[in-house]
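A.B. asks: Here you go, one structure.
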Amino acid sequence: MREPAHSSPAPAEGTTDTPQQEHTLVKRTALVNGVSVLFILALAALWFAADALLLVFACILCAVLLYELSTMLAQRIKLKREYALGVVVLLLFAVIGVGGWAMAPQISEQSAKLADTVPKSLQQLHSAVNASPILKKILAGLPPPEQIVKQMSQLVPNAGLFFGGVLGAIGNVVIILFVGIYFAASPRLYTSGVIKLVPPSKRQRARQVLQKIGHTLSSWLLGKSVSMLIVGTTTAIGLSLLGVPLALILGIIAGLLDFVPYLGPIMAGAPAVLIAFSISPDLALYTVLLFAGVQLVEGYVLQPLIESRAVDLPPALTIVMQLVFGTLFGFAGVALATPLAAALKVLVQMLYVEDVLGDKVDESPKS
(Lines give C-alpha, C1' and ligand atoms only; values in the text may rest on other atoms or scores of the structure.)
Protein backbone atom coordinates (compact mmCIF):
# COMPACT_ATOMS: atom_id res chain seq x y z
CA MET A 1 0.00 0.00 0.00
CA ARG A 2 1.09 3.56 -0.68
CA GLU A 3 2.00 5.62 2.34
CA PRO A 4 -0.20 8.69 2.92
CA ALA A 5 1.31 11.95 1.81
CA HIS A 6 2.55 14.01 4.70
CA SER A 7 1.70 17.69 4.87
CA SER A 8 4.54 20.14 5.20
CA PRO A 9 5.53 20.54 8.86
CA ALA A 10 4.36 23.70 10.64
CA PRO A 11 7.08 26.17 11.47
CA ALA A 12 8.50 25.49 14.87
CA GLU A 13 8.12 27.96 17.64
CA GLY A 14 10.87 30.57 17.81
CA THR A 15 11.64 30.47 14.06
CA THR A 16 12.30 33.82 12.37
CA ASP A 17 9.69 35.54 10.18
CA THR A 18 9.83 35.24 6.44
CA PRO A 19 11.26 38.14 4.40
CA GLN A 20 7.71 39.10 3.33
CA GLN A 21 6.57 39.32 6.94
CA GLU A 22 9.61 41.36 7.90
CA HIS A 23 8.95 43.74 5.00
CA THR A 24 5.31 44.17 6.09
CA LEU A 25 6.37 44.84 9.68
CA VAL A 26 8.88 47.46 8.55
CA LYS A 27 6.23 49.17 6.42
CA ARG A 28 3.74 49.25 9.30
CA THR A 29 6.35 50.57 11.71
CA ALA A 30 7.38 53.27 9.27
CA LEU A 31 3.72 54.20 8.70
CA VAL A 32 3.00 54.48 12.43
CA ASN A 33 6.15 56.52 13.01
CA GLY A 34 5.35 58.79 10.08
CA VAL A 35 1.81 59.42 11.25
CA SER A 36 3.09 60.12 14.78
CA VAL A 37 5.67 62.59 13.49
CA LEU A 38 3.07 64.33 11.30
CA PHE A 39 0.68 64.53 14.26
CA ILE A 40 3.37 66.07 16.46
CA LEU A 41 4.33 68.53 13.72
CA ALA A 42 0.67 69.46 13.25
CA LEU A 43 0.30 70.13 16.98
CA ALA A 44 3.48 72.21 16.94
CA ALA A 45 2.24 74.19 13.93
CA LEU A 46 -1.09 74.80 15.66
CA TRP A 47 0.68 75.98 18.80
CA PHE A 48 3.11 78.36 17.10
CA ALA A 49 0.51 79.62 14.62
CA ALA A 50 -2.27 79.94 17.21
CA ASP A 51 -2.53 83.72 16.89
CA ALA A 52 -2.82 83.53 13.11
CA LEU A 53 -5.40 80.73 13.35
CA LEU A 54 -7.47 82.74 15.81
CA LEU A 55 -7.31 85.67 13.42
CA VAL A 56 -8.51 83.42 10.58
CA PHE A 57 -11.39 82.18 12.75
CA ALA A 58 -12.33 85.79 13.53
CA CYS A 59 -12.33 86.48 9.77
CA ILE A 60 -14.63 83.50 9.27
CA LEU A 61 -17.00 84.82 11.94
CA CYS A 62 -17.10 88.19 10.19
CA ALA A 63 -17.74 86.46 6.85
CA VAL A 64 -20.54 84.35 8.33
CA LEU A 65 -22.24 87.44 9.75
CA LEU A 66 -21.92 89.41 6.50
CA TYR A 67 -23.17 86.43 4.48
CA GLU A 68 -26.23 86.02 6.70
CA LEU A 69 -27.05 89.73 6.62
CA SER A 70 -26.67 89.88 2.83
CA THR A 71 -28.84 86.78 2.42
CA MET A 72 -31.59 88.30 4.57
CA LEU A 73 -31.41 91.59 2.66
CA ALA A 74 -31.45 89.80 -0.71
CA GLN A 75 -34.60 87.91 0.27
CA ARG A 76 -36.32 91.08 1.46
CA ILE A 77 -35.63 93.34 -1.52
CA LYS A 78 -35.35 90.62 -4.21
CA LEU A 79 -31.73 91.38 -5.07
CA LYS A 80 -28.80 89.16 -5.98
CA ARG A 81 -26.87 88.21 -2.89
CA GLU A 82 -23.60 89.63 -4.20
CA TYR A 83 -25.21 93.04 -4.70
CA ALA A 84 -26.90 92.77 -1.31
CA LEU A 85 -23.49 92.12 0.23
CA GLY A 86 -22.23 95.37 -1.32
CA VAL A 87 -25.19 97.24 0.18
CA VAL A 88 -24.52 95.69 3.61
CA VAL A 89 -20.83 96.62 3.47
CA LEU A 90 -21.61 100.20 2.37
CA LEU A 91 -24.15 100.57 5.16
CA LEU A 92 -21.65 99.16 7.66
CA PHE A 93 -18.94 101.63 6.60
CA ALA A 94 -21.48 104.47 6.63
CA VAL A 95 -22.64 103.66 10.16
CA ILE A 96 -19.06 103.32 11.41
CA GLY A 97 -17.94 106.48 9.62
CA VAL A 98 -20.87 108.69 10.63
CA GLY A 99 -20.99 107.32 14.16
CA GLY A 100 -17.25 107.66 14.58
CA TRP A 101 -17.25 111.20 13.21
CA ALA A 102 -20.13 112.22 15.47
CA MET A 103 -18.92 110.60 18.68
CA ALA A 104 -15.14 110.52 18.19
CA PRO A 105 -14.41 113.72 20.17
CA GLN A 106 -16.57 112.61 23.10
CA ILE A 107 -15.20 109.05 23.03
CA SER A 108 -11.61 110.31 22.88
CA GLU A 109 -12.17 112.72 25.77
CA GLN A 110 -13.92 110.11 27.92
CA SER A 111 -11.27 107.49 27.15
CA ALA A 112 -8.54 109.81 28.38
CA LYS A 113 -10.53 110.59 31.51
CA LEU A 114 -11.20 106.89 32.07
CA ALA A 115 -7.48 106.11 31.98
CA ASP A 116 -6.91 108.84 34.57
CA THR A 117 -9.95 108.09 36.76
CA VAL A 118 -9.57 104.33 37.25
CA PRO A 119 -6.20 104.55 39.09
CA LYS A 120 -7.57 107.27 41.39
CA SER A 121 -10.67 105.16 42.07
CA LEU A 122 -8.47 102.18 42.92
CA GLN A 123 -6.53 104.36 45.35
CA GLN A 124 -9.76 105.43 47.05
CA LEU A 125 -10.96 101.85 47.24
CA HIS A 126 -7.64 100.78 48.72
CA SER A 127 -7.89 103.53 51.34
CA ALA A 128 -11.46 102.52 52.22
CA VAL A 129 -10.39 98.90 52.60
CA ASN A 130 -7.50 99.89 54.89
CA ALA A 131 -9.94 101.83 57.06
CA SER A 132 -11.93 98.65 57.76
CA PRO A 133 -10.04 95.97 59.74
CA ILE A 134 -12.30 93.16 58.47
CA LEU A 135 -11.94 94.11 54.80
CA LYS A 136 -8.24 94.69 55.34
CA LYS A 137 -7.79 91.10 56.50
CA ILE A 138 -9.98 89.66 53.74
CA LEU A 139 -8.32 91.62 50.93
CA ALA A 140 -4.77 91.50 52.27
CA GLY A 141 -3.68 89.27 49.41
CA LEU A 142 -4.66 91.74 46.68
CA PRO A 143 -1.81 93.49 44.83
CA PRO A 144 -1.37 97.27 45.22
CA PRO A 145 -3.43 99.56 42.95
CA GLU A 146 -0.42 100.39 40.75
CA GLN A 147 0.08 96.71 39.95
CA ILE A 148 -3.64 96.21 39.23
CA VAL A 149 -3.61 99.15 36.80
CA LYS A 150 -0.50 97.75 35.14
CA GLN A 151 -2.12 94.33 34.73
CA MET A 152 -5.28 95.90 33.31
CA SER A 153 -3.24 97.95 30.83
CA GLN A 154 -1.44 94.80 29.72
CA LEU A 155 -4.75 93.43 28.49
CA VAL A 156 -4.70 95.89 25.59
CA PRO A 157 -1.53 94.57 23.89
CA ASN A 158 -2.56 90.97 24.63
CA ALA A 159 -6.01 91.55 23.19
CA GLY A 160 -4.63 91.48 19.65
CA LEU A 161 -5.08 88.35 17.59
CA PHE A 162 -1.93 88.72 15.55
CA PHE A 163 -0.41 92.19 15.90
CA GLY A 164 0.12 93.77 19.32
CA GLY A 165 -0.55 97.22 20.69
CA VAL A 166 -3.23 99.76 19.84
CA LEU A 167 -2.17 100.09 16.18
CA GLY A 168 -2.01 96.31 15.99
CA ALA A 169 -5.57 96.07 17.29
CA ILE A 170 -6.69 98.47 14.56
CA GLY A 171 -4.78 96.36 12.02
CA ASN A 172 -6.54 93.24 13.27
CA VAL A 173 -9.93 94.89 12.79
CA VAL A 174 -9.02 95.93 9.24
CA ILE A 175 -7.81 92.41 8.38
CA ILE A 176 -10.89 90.78 9.89
CA LEU A 177 -13.23 93.13 8.04
CA PHE A 178 -11.66 92.92 4.59
CA VAL A 179 -10.85 89.21 4.65
CA GLY A 180 -14.37 88.60 5.95
CA ILE A 181 -15.74 90.53 2.97
CA TYR A 182 -13.72 88.38 0.56
CA PHE A 183 -14.91 85.19 2.28
CA ALA A 184 -18.53 86.35 2.24
CA ALA A 185 -18.36 87.38 -1.43
CA SER A 186 -17.57 83.85 -2.67
CA PRO A 187 -17.98 81.33 0.16
CA ARG A 188 -18.38 78.32 -2.14
CA LEU A 189 -14.88 78.87 -3.52
CA TYR A 190 -13.36 78.32 -0.08
CA THR A 191 -15.75 75.66 1.23
CA SER A 192 -15.32 73.62 -1.95
CA GLY A 193 -11.56 73.76 -1.51
CA VAL A 194 -11.90 72.40 2.02
CA ILE A 195 -14.33 69.67 0.93
CA LYS A 196 -11.94 68.49 -1.80
CA LEU A 197 -9.50 67.48 0.94
CA VAL A 198 -12.07 64.90 2.14
CA PRO A 199 -12.41 61.46 0.46
CA PRO A 200 -15.12 61.48 -2.26
CA SER A 201 -17.40 59.13 -0.32
CA LYS A 202 -17.46 61.54 2.65
CA ARG A 203 -17.77 64.84 0.79
CA GLN A 204 -21.55 65.07 1.03
CA ARG A 205 -21.38 64.59 4.80
CA ALA A 206 -18.57 67.15 5.04
CA ARG A 207 -20.73 69.65 3.18
CA GLN A 208 -23.59 69.02 5.62
CA VAL A 209 -21.27 69.56 8.59
CA LEU A 210 -19.92 72.84 7.19
CA GLN A 211 -23.45 74.06 6.46
CA LYS A 212 -24.56 73.19 10.00
CA ILE A 213 -21.57 75.00 11.52
CA GLY A 214 -22.24 78.05 9.34
CA HIS A 215 -25.93 78.10 10.32
CA THR A 216 -25.09 77.72 14.01
CA LEU A 217 -22.48 80.50 13.98
CA SER A 218 -24.66 82.87 11.94
CA SER A 219 -27.64 82.43 14.27
CA TRP A 220 -25.45 82.92 17.33
CA LEU A 221 -23.74 86.00 15.86
CA LEU A 222 -27.01 87.69 14.84
CA GLY A 223 -28.52 87.15 18.27
CA LYS A 224 -25.34 88.21 20.02
CA SER A 225 -25.07 91.39 17.94
CA VAL A 226 -28.58 92.41 18.99
CA SER A 227 -27.75 91.54 22.60
CA MET A 228 -24.56 93.64 22.50
CA LEU A 229 -26.43 96.63 21.08
CA ILE A 230 -29.16 96.40 23.74
CA VAL A 231 -26.70 95.92 26.60
CA GLY A 232 -24.46 98.80 25.49
CA THR A 233 -27.34 101.22 24.94
CA THR A 234 -29.14 100.28 28.16
CA THR A 235 -25.94 100.52 30.21
CA ALA A 236 -25.01 103.94 28.80
CA ILE A 237 -28.51 105.33 29.41
CA GLY A 238 -28.69 103.83 32.91
CA LEU A 239 -25.29 105.17 33.95
CA SER A 240 -26.17 108.58 32.57
CA LEU A 241 -29.43 108.64 34.55
CA LEU A 242 -27.57 107.61 37.70
CA GLY A 243 -25.08 110.42 37.20
CA VAL A 244 -22.02 108.20 36.72
CA PRO A 245 -19.31 110.04 34.75
CA LEU A 246 -18.08 108.72 31.38
CA ALA A 247 -21.38 106.93 30.74
CA LEU A 248 -20.89 106.76 26.96
CA ILE A 249 -17.49 105.09 26.94
CA LEU A 250 -18.55 102.75 29.77
CA GLY A 251 -21.64 101.77 27.78
CA ILE A 252 -19.53 101.07 24.69
CA ILE A 253 -17.18 98.92 26.78
CA ALA A 254 -20.16 97.03 28.24
CA GLY A 255 -21.62 96.41 24.78
CA LEU A 256 -18.33 95.19 23.30
CA LEU A 257 -17.47 92.94 26.24
CA ASP A 258 -20.96 91.44 26.16
CA PHE A 259 -19.57 89.37 23.26
CA VAL A 260 -17.82 87.36 26.00
CA PRO A 261 -20.55 85.63 28.07
CA TYR A 262 -20.29 85.55 31.88
CA LEU A 263 -16.77 86.98 32.11
CA GLY A 264 -17.38 90.00 29.85
CA PRO A 265 -20.01 91.72 32.06
CA ILE A 266 -17.73 91.40 35.10
CA MET A 267 -14.86 92.99 33.19
CA ALA A 268 -17.15 95.77 31.93
CA GLY A 269 -18.72 96.46 35.31
CA ALA A 270 -15.45 96.78 37.25
CA PRO A 271 -14.37 100.23 35.93
CA ALA A 272 -17.94 101.58 36.16
CA VAL A 273 -18.26 100.54 39.81
CA LEU A 274 -14.82 101.96 40.61
CA ILE A 275 -15.69 105.33 39.08
CA ALA A 276 -19.04 105.39 40.88
CA PHE A 277 -17.31 104.49 44.17
CA SER A 278 -15.00 107.48 43.76
CA ILE A 279 -18.13 109.66 44.02
CA SER A 280 -20.02 107.79 46.74
CA PRO A 281 -20.50 104.22 47.99
CA ASP A 282 -24.27 104.55 47.42
CA LEU A 283 -23.70 105.36 43.73
CA ALA A 284 -21.40 102.35 43.46
CA LEU A 285 -24.17 100.17 44.92
CA TYR A 286 -26.70 101.53 42.42
CA THR A 287 -24.21 100.88 39.61
CA VAL A 288 -23.81 97.29 40.73
CA LEU A 289 -27.60 96.90 40.78
CA LEU A 290 -27.81 98.40 37.27
CA PHE A 291 -25.29 95.93 35.84
CA ALA A 292 -26.95 93.06 37.71
CA GLY A 293 -30.37 94.03 36.33
CA VAL A 294 -29.05 94.31 32.76
CA GLN A 295 -27.38 90.92 33.03
CA LEU A 296 -30.51 89.33 34.51
CA VAL A 297 -32.56 90.56 31.55
CA GLU A 298 -29.91 89.33 29.15
CA GLY A 299 -29.53 85.98 30.90
CA TYR A 300 -33.23 85.19 31.19
CA VAL A 301 -34.62 86.93 28.09
CA LEU A 302 -31.99 87.63 25.43
CA GLN A 303 -29.74 84.61 25.94
CA PRO A 304 -32.57 82.02 25.72
CA LEU A 305 -33.69 83.63 22.47
CA ILE A 306 -30.16 83.33 21.09
CA GLU A 307 -29.78 79.71 22.19
CA SER A 308 -33.19 78.74 20.80
CA ARG A 309 -31.97 79.73 17.33
CA ALA A 310 -28.38 78.59 17.62
CA VAL A 311 -26.86 76.09 20.03
CA ASP A 312 -27.52 75.47 23.69
CA LEU A 313 -24.14 75.63 25.40
CA PRO A 314 -24.01 74.64 29.07
CA PRO A 315 -22.71 77.55 31.20
CA ALA A 316 -20.05 75.38 32.83
CA LEU A 317 -18.72 74.31 29.41
CA THR A 318 -18.61 77.91 28.21
CA ILE A 319 -16.70 79.11 31.28
CA VAL A 320 -14.25 76.18 31.11
CA MET A 321 -13.59 76.91 27.42
CA GLN A 322 -12.99 80.58 28.24
CA LEU A 323 -10.54 79.68 31.00
CA VAL A 324 -8.67 77.16 28.84
CA PHE A 325 -8.44 79.35 25.74
CA GLY A 326 -7.71 82.41 27.86
CA THR A 327 -4.79 80.64 29.54
CA LEU A 328 -3.42 79.45 26.20
CA PHE A 329 -4.08 82.44 23.94
CA GLY A 330 -4.85 85.45 26.15
CA PHE A 331 -7.86 87.73 25.83
CA ALA A 332 -8.42 86.77 22.18
CA GLY A 333 -8.91 83.16 23.30
CA VAL A 334 -11.46 84.28 25.90
CA ALA A 335 -13.37 86.35 23.32
CA LEU A 336 -13.53 83.56 20.73
CA ALA A 337 -14.06 80.67 23.17
CA THR A 338 -17.87 80.62 22.88
CA PRO A 339 -18.16 80.46 19.06
CA LEU A 340 -15.31 77.94 19.03
CA ALA A 341 -17.21 75.84 21.56
CA ALA A 342 -20.35 76.09 19.42
CA ALA A 343 -18.47 74.90 16.33
CA LEU A 344 -16.78 72.07 18.25
CA LYS A 345 -20.13 70.94 19.64
CA VAL A 346 -21.53 70.62 16.11
CA LEU A 347 -18.47 68.60 15.05
CA VAL A 348 -18.78 66.24 18.02
CA GLN A 349 -22.51 65.77 17.55
CA MET A 350 -22.42 65.09 13.82
CA LEU A 351 -19.10 63.30 13.34
CA TYR A 352 -18.88 61.30 16.57
CA VAL A 353 -22.30 60.96 18.20
CA GLU A 354 -24.22 60.45 14.95
CA ASP A 355 -21.66 58.91 12.58
CA VAL A 356 -19.54 56.84 14.99
CA LEU A 357 -21.94 55.98 17.81
CA GLY A 358 -25.03 55.95 15.62
CA ASP A 359 -27.14 57.97 18.06
CA LYS A 360 -29.62 60.55 16.85
CA VAL A 361 -29.12 64.02 18.36
CA ASP A 362 -32.37 65.57 19.52
CA GLU A 363 -32.39 69.18 18.30
CA SER A 364 -36.01 69.96 19.15
CA PRO A 365 -36.46 73.24 21.03
CA LYS A 366 -36.61 72.99 24.79
CA SER A 367 -39.83 73.84 26.53
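A.B. asks: Every residue in the range 270-280 that is surrounded by 23 or more Cβ atoms within 10 Å (Cβ to Cβ) and either without any contact (Cβ under 8 Å) to a residue 60 or more places away in the chain or in contact with a Cys (Cβ under 8 Å, 6 or more places away or on another chain) (or both), please.
C.D. replies: Listed by number, the residues that qualify are Ala272, Ala276.
A.B. asks: Quick one: is Glu68 surrounded by 15 or more Cβ atoms within 10 Å (Cβ to Cβ), part of a helix (DSSP H, G or I) and charged (D, E, K, R)? Explain how you work it out, then say what you get.
C.D. replies: On the way: surrounded by 15 or more Cβ atoms within 10 Å (Cβ to Cβ): yes; part of a helix (DSSP H, G or I): yes; charged (D, E, K, R): yes.
Yes; evaluated as a whole, the condition is true for this residue.
A.B. asks: Select, from Leu305, Leu256, Leu313, the only residue that is within 21 Å of the chain's Cα centre (by Cα) and not in a helix (DSSP H, G or I).
C.D. replies: Answer to the check: Leu313.
A.B. asks: Also: Being surrounded by fewer than 20 Cβ atoms within 10 Å (Cβ to Cβ) and either at pLDDT 85 or above or more than 30 Å from Ala247 (Cβ to Cβ) (or both) is true for just one of Gln295, Gln349, Gln303. Which residue is that?
C.D. replies: Values: Gln295 fails: surrounded by fewer than 20 Cβ atoms within 10 Å (Cβ to Cβ); Gln303 fails: either at pLDDT 85 or above or more than 30 Å from Ala247 (Cβ to Cβ) (or both).
Just one listed residue meets the conditions, Gln349.
A.B. asks: Could you pull out the residue among Gly180, Gly214, Gly232 that is crowded, with 21+ Cβ neighbours inside 10 Å, modelled with pLDDT of 90 or more and out of contact with any Gly (no Cβ under 8 Å at 6 or more places or on another chain)?
C.D. replies: After ruling out the rest, the residue left standing is Gly180.
A.B. asks: Pull up the range 338-351, narrow it to residues that are of a type in the set (A, V, I, L, M, F, W, C) and free of Cβ contacts under 8 Å to residues at least 60 places away in the same chain, then point me to the one that is farthest from Ser218 (Cα to Cα).
C.D. replies: Val348
A.B. asks: A further question on this structure: Of the residues Gly326, Gly333, Gly264, only one is in a helix (DSSP H, G or I) and either under 30 Å from Leu241 (Cα atoms) or aliphatic (A, V, I, L, M) (or both); which?
C.D. replies: After ruling out the rest, the residue left standing is Gly264.
A.B. asks: Across the range 188-211, which residue is surrounded by the most Cβ atoms within 10 Å (Cβ to Cβ) among those that are aliphatic (A, V, I, L, M) and more than 26 Å from Leu69 (Cβ to Cβ)?
C.D. replies: The extreme case among them is Val198.
A.B. asks: Here is a list: Leu139, Leu122. Which entry is surrounded by 13 or more Cβ atoms within 10 Å (Cβ to Cβ) and at pLDDT below 70?
C.D. replies: The conditions single out Leu139.
A.B. asks: In the list Leu256, Leu239, which residue meets the criterion of being surrounded by fewer than 20 Cβ atoms within 10 Å (Cβ to Cβ) and out of contact with any Asp or Glu (no Cβ under 9 Å at 6 or more places or on another chain)?
C.D. replies: Just one listed residue meets the conditions, Leu256.
A.B. asks: Can Leu250 be described as under 27 Å from Val95 (Cα atoms) and surrounded by 18 or more Cβ atoms within 10 Å (Cβ to Cβ)?
C.D. replies: Taking the combined requirement at face value, the residue satisfies it.
A.B. asks: Further question on the same structure: Quick one: would you say Leu283 is hydrophobic (A, V, I, L, M, F, W, C), within 24 Å of Leu221 (Cβ to Cβ) and surrounded by fewer than 22 Cβ atoms within 10 Å (Cβ to Cβ)?
C.D. replies: When the stated conditions are applied, Leu283 does not pass them.
The values are calculated or read from the model by the stated rules, or taken from the named source; none is laboratory data. Note that this is a predicted model, so its numbers are computed, not measured. Cβ: placed from backbone, ideal geometry, glycine included. Neighbour counts: every protein chain shown.
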